[in-house]
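The values are calculated or read from the model by the stated rules, or taken from the named source; none is laboratory data. Not measured: the values here are computed from a predicted model. FYI the Cβ positions are ideal-geometry reconstructions off the backbone, even for glycines, and counts take in every protein chain you see.
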Amino acid sequence: MLPPDSIAMKIVQLAEVTSFPMDRHSWGQFVYSVAGVIELTVKSSRYAAPPDFGVWLPPETEHLAWAGDETSYLLLDIEQRLCDRLPSQASILSVGPIAKAILLDLKKRGIGEPRNADDARLMRVLIDQLSVGSPLESFLPLSDDRALKPVLEALCKNPGDGRSLEEWARQVHSTERTLARRCKRDLGMSFVKWRQRLRLSRAVAMLSDGLSVQTVGHKLGYSTTSAFIAMFQAAIGATPNAFRGRLREEDEGLR
């Protein structure tokens, strides 16, 4: 239980794939991945934030969590009375330059709870910055549909599976048209776009772990490295190597 008007930050580092059981707490929580990927499942939506975004869980939100190997992330715990300006639903929030600078400064100095008035003000500014942008849709929504759910779960386990929607439909004894309709209904996007988002989140984790661009593209099912680079650059705004260079610069800035 957090004291009234309290903000606290935890630094979590995991060496191997970890699954966390269902949890809920009376305070709000903002989850920001520094390296690797962490996914949170709330009801029928999976939240896996891309770079420069984090996942917001309002107070009393039941959630499951999964983290890949070599994952490092920050947990910002915010007492309920300080959550008024943040979304009332689980969502993805943009982490702008000011918010990122504050988060990384707190991490570098190992600040868990405010040590003085300056730290307290800094954390309040962080909350203000997180509340400025409009919350985004779930980055990677899920479905409880009996035909679509096993397809999505199989792809989460193996994002490189390149089977078409028609092939998946035969696998789950459905039709391509039916699955396509349910993707639009439950996911709000096409099957191809959903799979691309999944691959993007996995690509970020693999590149953070130091895998080569060629290896990542191959593991994610791309026929050529150039096809993978084109997808990544269109989504992130930088090539995989440029993105990895940015990660190195941020890591060096924390030392």
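Which numbered condition trips up Asp69, out of (1) assigned to a strand (DSSP E or B); (2) at pLDDT below 90; (3) not β-branched (Val, Ile, Thr)?
(1)
Only one of these is of a type in the set (Gly, Ala, Ser), at pLDDT below 90 and not in a loop (DSSP other than H, G, I, E, B): Ser226, Ser201. Name it.
Going through Ser226, Ser201 in turn, just one is of a type in the set (Gly, Ala, Ser), at pLDDT below 90 and not in a loop (DSSP other than H, G, I, E, B): Ser201.
Return yes or no: is Val151 closer than 19 Å to Glu39 by Cβ, at pLDDT below 90 and outside the structural domain of Ala15 (by TED's automatic domain parsing)?
No: the conditions fail for Val151.
Among the listed residues Asp161, Asp186, which satisfies the condition of being acidic (Asp, Glu) and in a loop (DSSP other than H, G, I, E, B)?
On inspection, the qualifying residue turns out to be Asp161.
Being hydrophobic (A, V, I, L, M, F, W, C), under 16 Å from Met231 (Cα atoms) and surrounded by 14 or more Cβ atoms within 10 Å (Cβ to Cβ) is the filter here, so list the residues in region 168-219 that pass it.
So in region 168-219, the residues hydrophobic (A, V, I, L, M, F, W, C) come out as 168-169, 172, 179-180, 183, 187, 189, 191-192, 194, 198, 200, 203-207, 211, 213, 216.
From what is left, the residues that are under 16 Å from Met231 (Cα atoms) are 191-192, 194, 198, 200, 203-207, 213, 216.
Across region 168-219, the qualifying residues are Phe191, Trp194, Leu198, Leu200, Ala203, Val204, Ala205, Met206, Leu207, Val213, Val216.
Suppose the filter is modelled with pLDDT under 85 and part of a loop (DSSP other than H, G, I, E, B); does Pro59 pass it?
The answer is no for Pro59.
Give me the pairs: first residue in region 2-27 and aromatic (Phe, Trp, Tyr), second residue modelled with pLDDT of 85 or more and part of a strand (DSSP E or B), beta-carbon distance under 8 Å, and six or more apart or on different chains, which are they?
Partner pairs satisfying both residue conditions: Phe20/Leu64; Phe20/Ala65; Trp27/Asp77; Trp27/Ile78.
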